[in-house]
1. Note the full-extension length gain between SER108 and ILE231 as 0.36 nm times their separation in residues minus their Cα-Cα distance, in nm to one decimal.
2. Considering the zone a paramagnetic label at VAL75 would reach in this model (a point 7 Å from Cα along the Cα-to-Cβ line), which residues of region 14-54 have amide N under 15 Å from it?
3. If I model a spin label at ARG85 and LEU155 as a point 7 Å from the Cα along the Cα→Cβ vector, what separation in nanometres do I get?
4. Strictly over 31 Å apart at the Cα level, which of LYS203/LYS264; LYS59/LYS240; LYS203/LYS240; LYS88/LYS266; LYS59/LYS275 would you flag in this model?
5. Once the dipole of region 339-396 is set up with Lys and Arg at +1 and Asp and Glu at -1 on Cβ about the Cα centre, which of SER387, ILE357, ALA339 lies farthest towards its positive end?
6. What does the charge count around GLU162 come to, taking other residues whose C-beta lies under 9 Å from its C-beta (Lys +1, Arg +1, Asp -1, Glu -1)?
7. Summing +1 for each Lys or Arg and -1 for each Asp or Glu, what net charge is found among the other residues whose Cβ lies under 14 Å from the Cβ of VAL130?
8. Give, as a single signed number, the net charge of other residues whose beta carbon lies under 14 Å from the beta carbon of GLU355, with Lys and Arg counted +1 and Asp and Glu -1.
Amino acid sequence: MSSTPTEQTTFASLKLAQPILDALIADGYQFPTPIQAQAIPPALEARDVLGIAQTGTGKTAAFALPIINRLLHNVPRGGKLATGRKPKALILAPTRELAAQIADSFSSYGRHTPLRLSIIFGGVGQGPQVRTIQQGIDILVATPGRLIDLLDQRLISLSEIEFFVLDEADRMLDMGFIEPIRRISALLPRNRQTMLFSATMPKEIRTLANSLLHDAVTVTVTPVSSAVDRIAQKLFFVMKAQKTQMLIYLFDKLDMERTLVFTKTKHGADRLVRKLKAAGIHADAIHGDKAQNARTRALDAFRSGRTPVLVATDVAARGLDVDDITHVFNYDLPMEPEAYVHRIGRTARAGKSGEAISFCDVEEKGLLKDIERLTRFEIPRDRVPDSVPKTDEAAAKAGGPPVLRAEGRLSPEIETRSPKTAQQPGRRTSSTPSPRSHGPRIDRRMDEGRPEEPREVTPTQAPRPAFRGGAGSGRPNTSKPGMHPRAGSGGGTAGGRPSYGEPSRGSDRPNHAHPNHARPNHGHPGSGNPSPRAQSGGNSSGDGSPAPKPGAPKLGAPKPGAPKSNTPKPSPAKHAGPAPFSTRFNSTGKSVRGRDFKGGTGFKGPRP
């Protein structure tokens with residue numbers, strides 16, 4: 001069922017409330033668009049609506065105006081609503097930008113009403129959003145991801161929803177939101193009004209509509225999958241490396257006041273912005289990896305005209321409501337042919353004309369066939385001028401290196417030098433050529449395919465001798481009693497300062513504190529080197545206590561008058577290295593304690 005209004009239809013004839021009419025008249029709206037004139041009457045009668053219309057045809061007002069009008073019937077006579085009330089209307093949008101646009105439309109149309117609105121989406125903190133919801137709202141505009149998060153945390157309730165709207169349903173399907181939509185719809189009351197709007201109607205959307213809508217009124221304004229007739233479309237077959245230079249060439253030749261450029265990837269959008277800025281074109285990027293405040297600033301600058309060029313991914317293809325966009329560029333053709341309709345639909349809005357220019361390389365010819373098959377329209381081809389450089393490098397040679405510098409391959413201070421001729425850290429050359437004189441010659445040599453001339457490298461300086469502390473070294477002795485010296489302490493001098501990186505006397509084991517030196521000996525028998533604890537003046541027991549005073553009885557010595565043991569003391573075994581499983585030192589000088597052969601831990605000193 002579909003209605004066909006006459007040409008004299010006005011908003012006043014649609015029987016909208018007076019506060020809504022006052023807001024529309026203040027904004028300069030008197031006559032509804034075709035989608036509004038067909039969708040508002042059944043929506044006011046609480047019928048489910050399936051709307052199919054191009055972007056920029058006024059779909060937002062088609063569901064916003066009847067929702068506000070019906071919510072006003074529940075407002076008390078005094079106009080004061082209860083605090084902490086639950087939302088009555090839920091509108092789901094696929095992107096943050098579209099959600100913000102819908103919220104702005106509701107705020108504008110209902111500014112003379114006591115209704116409260118809240119918008120929730122990801123990318124920002126949820127605290128302010130939750131506080132607004134808890135204060136009581138009537139209309140909730142949300143993206144599926146953040147709404148699912150708040151539902152899982154039980155911070156929001158959908159038990160009193162009376163109006164459920166899915167805007168840009170086909171885009172939600174492309175973004176993989178079909179399961180979140182089914183989960184959210186299962187939490188809504190059965191007795192509700194559902195409206196679904198989409199620019200295209202593939203079979204998947206038709207299946208989703210059949211599961212959500214009941215006895216719906218279908219409103220179709222334009223043929224399915226057709227492009228806007230007021231848009232002048234054009235196509236250039238270019239090489240992938242030539243796209244940037246072709247875009248810069250068109251910026252110079254065409255009169256473009258406000259331009260929107262679509263890329264396939266987020267990284268590609270940022271890279272293109274750098275190239276355009278290097279060419280003197282003020283541009284900014286917007287995509288999913290940008291923080292929400294950065295995306296908001298970029299959109300505001302684009303709307304106000306401070307930024308004439310906005311580079312975006314398909315995240316901005318829906319809901320980007322900016323007036324007077326004169327040109328839309330498909331720098332990369334979209335992967336889904338339906339996205340082409342939404343991209344070019346950003347221009348020629350509100351009855352104005354616009355131009356859509358697409359670039360197609362060899363790898364994208366299949367995508368072009370899909371687009372033309374869907375739109376049933378062959379995009380007119382145009383020839384690439386011979387004056388357009390083939391690559392960014394060719395443009396840099398012809399007119400300077402700004403694009404190369406934007407790519408990070410050349411820095412401003414060495415514009416004419418090849419990256420390979422820049423002096424590397426730690427490398428010394430026999431002669432350093434002048435950037436202005438020698439650089440271009442090397443660049444030409446590299447372009448011709450001849451290898452670069454070998455450069456002489458002087459022998460590196462011999463390593464500085466290892467520092468020996470202690471007496472006569474000129475540096476203080478920092479060893480403390482009772483503490484292990486760092487790695488390499490076995491070769492210390494008489495002053496007790498360890499020698500770093502020197503081979504240990506009497507030891508043939510490698511020193512891992514330095515890759516080219518021997519490992520220090522930790523004072524084991526047979527090494528010919530005193531114990532580190534003895535050097536530092538500490539007790540050899542390993543507990544860190546100071547050495548006993550002269551004449552004091554030693555720990556473990558027999559008491560006076562006790563019989564002496566006839567058991568001979570074992571002679572120390574000749575061992576060239578430390579005892580097995582004792583304390584070792586790693587390459588950073590820190591001790592690594594292992595297990596000794598009796599099962600204990602730590603360094604126990606000499607073993608019999």
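Derivation of every value follows stated rules applied to the coordinates shown; laboratory data play no part. Please read all numbers here as calculations on a predicted model, not as lab measurements. Neighbour counts are summed over all protein chains in view; Cβ atoms, including those assigned to glycine, are modelled from backbone coordinates with ideal geometry.
1. Details: separation 123, 0.36 × 123 = 44.28 nm, distance 2.87 nm.
Stretched out fully, the SER108 to ILE231 stretch lengthens by 41.4 nm.
2. Under cut-off, by backbone N: 16-24.
3. For ARG85 paired with LEU155, the spin-label model returns 2.3 nm.
4. Values: LYS203/LYS264 25 Å; LYS59/LYS240 37 Å; LYS203/LYS240 34 Å; LYS88/LYS266 37 Å; LYS59/LYS275 37 Å.
Where the Cα-Cα span goes over 31 Å, the pairs concerned are LYS59/LYS240; LYS203/LYS240; LYS88/LYS266; LYS59/LYS275.
5. ALA339
6. Details: positive: ARG70, LYS88, ARG192; negative: GLU160.
So the surrounding residues net to +2.
7. Values: positive: LYS86, ARG131, ARG146, ARG154; negative: ASP149, ASP152.
Local net charge: +2.
8. Details: positive: ARG230, LYS234, LYS253, ARG258, ARG343, ARG346, ARG349, LYS352; negative: ASP229, ASP255, GLU257, ASP324, ASP382.
In short, +3.
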